[in-house]
Every structure is written in structure tokens, then in C-alpha cells.
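Shown next, in C-alpha cells, is the structure this report addresses.
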Amino acid sequence: MPKNKEQKKQILNLIIDKLKVSKAAVFVSFNGLNVKSSEELRNLCRENDLEYLVVKKTLLRLSLKKLDLKTKDQEILSNEVAVIFSYNDEITGAKIAKKFLKDNKVMIIKGGIFENEIVGLPIIKKIASIPGREELYAKLIGGLNAPVSGFINVLKGNLRGLVQSLNAIKEKK
């Protein structure tokens, strides 16, 4: 924990920088989360190119204020707060938080930042339900592949019919 004003200023600037470059952020309350579970969450975040950072509420409030992000819901920044920063896309952080919450009921998703606005839990839940990039790519490829496969099956059917007709003519002669 920071001891003096200079350390607090450095951490404040660090949080501001992370919020500026991240595409989205999820605020979680880790109150009651044991060390093992906390490490599991950190590892899960690392595996998905996310960053998990425990921050002081006052420093987070100040950083949000400096970035001109305001919230009327003070509950979002109550209790202990950790931030999951998502640098690659807007969805992964919310998905990982929701996934981790299924196994660890003591963690609470408070809200987050999406499209440069502070949003509450209902919006984070909706974001978490959006399919991820890989899933969308798979659906797109499947959608593009389906007409081609159908066309090939139609051609195979016509060829099969032609071969059967030629075999029937051959057997008659």
C-alpha cells in the first residue's frame, strides 16, 4: 500500500493510464475471497490477456474523476475494489468475471466501464452474454460454409443419379 503522497500520485497515474488504454474494465468486490481463489482469478485473467489489479477506492474515484467518468451509484465503488482491465476487446473481462463468479460466490461484480461510461451490473451481465470473438468467427465460417456444402451435396446427388442411370442403361444392353 502506498505510504506517501508521491507513491499515491504514481499509483493514481498508473490507474489513469490503464483506464485510458483499456477497451473496458470490470469492477469487482473481492471481499471474502481467499488467497487461493484470488490467485486463480489472477491466473485466469493472465491466460485471457486481462489484468487484475486491486486498487484503493479513493484512488479509483480520483482516477475516474480525472478521466471525467462519473457515477451516481456509489455502491459500485464500495467495499474492497479490484479492476479487471480488458485491453484487447470489450467483452472478455465481463465474461471472465461472470465465469469466475459461478465458482466463487463471495466475489461480487459491481459494475465497470464500457464505451467510456460507467455502467452497473445489469449492463455488465448483458456484455458477458455476448458471444466472444472466436465464437463469432466460428459462426461466421459455419454460415459461409453451409451454402457451399449444400451446393456440393446437390451436385453429388445429380452425379449419383447420372451414374445410376448410366448403370441401368448398361445393364439393359
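Here is how the numbers come out for the structure above:
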item: Fraction in percent of alpha-carbon pairs per bin - 10 Å, region 131-173; result: 25, 25, 19, 16, 10, 4, 0
item: Net dipole in debye of region 17-72 [+1 Lys, Arg Cβ; -1 Asp, Glu Cβ; about Cα centre; nearest 20]; result: 480
item: Dipole moment magnitude, nearest 20 debye, the chain about Cα centre, only Lys, Arg, Asp, Glu C-beta charged; result: 180
item: Whole-number percent relative contact order across the chain, with pairs defined as alpha carbons under 8 Å at least 6 apart; result: 27
item: Assigned charges on the beta-carbon of Lys, Arg, Asp, Glu; region 131-173 dipole about Cα centre (debye); result: 360
item: Greater than 26 Å apart at Cα, pairs in LYS9/LYS95; LYS20/LYS105; LYS56/LYS95; LYS65/LYS102; LYS57/LYS105; result: LYS9/LYS95; LYS20/LYS105; LYS65/LYS102
item: FRET efficiency, 1/(1 + (r/R0)^6) with R0 22 Å, evaluated for LEU101 and GLU39 via beta carbons; result: 0.85
item: Helix runs (DSSP H) in the chain reaching 27 Å along axis by Cα, Kyte-Doolittle at least 0.0; result: 133-172
item: Net charge over other residues, Cβ less than 12 angstrom from the Cβ of ASN48 (K, R count +1; D, E count -1); result: 0
item: Charge-dipole axis of the chain as Lys and Arg at +1 and Asp and Glu at -1 on Cβ define it, positive-most pick from LEU140, ILE91, ILE109; result: LEU140
item: Two-site FRET efficiency, LEU144 against THR58, from Cβ-Cβ distance with R₀ of 35 Å, rounded to 0.05; result: 0.10
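No lab work stands behind these numbers, since they all come straight from the coordinates. All of these numbers come straight from a predicted model, not from anything done at the bench. Cβ atoms come from the backbone with ideal geometry, glycine included; neighbour counts cover every protein chain shown.
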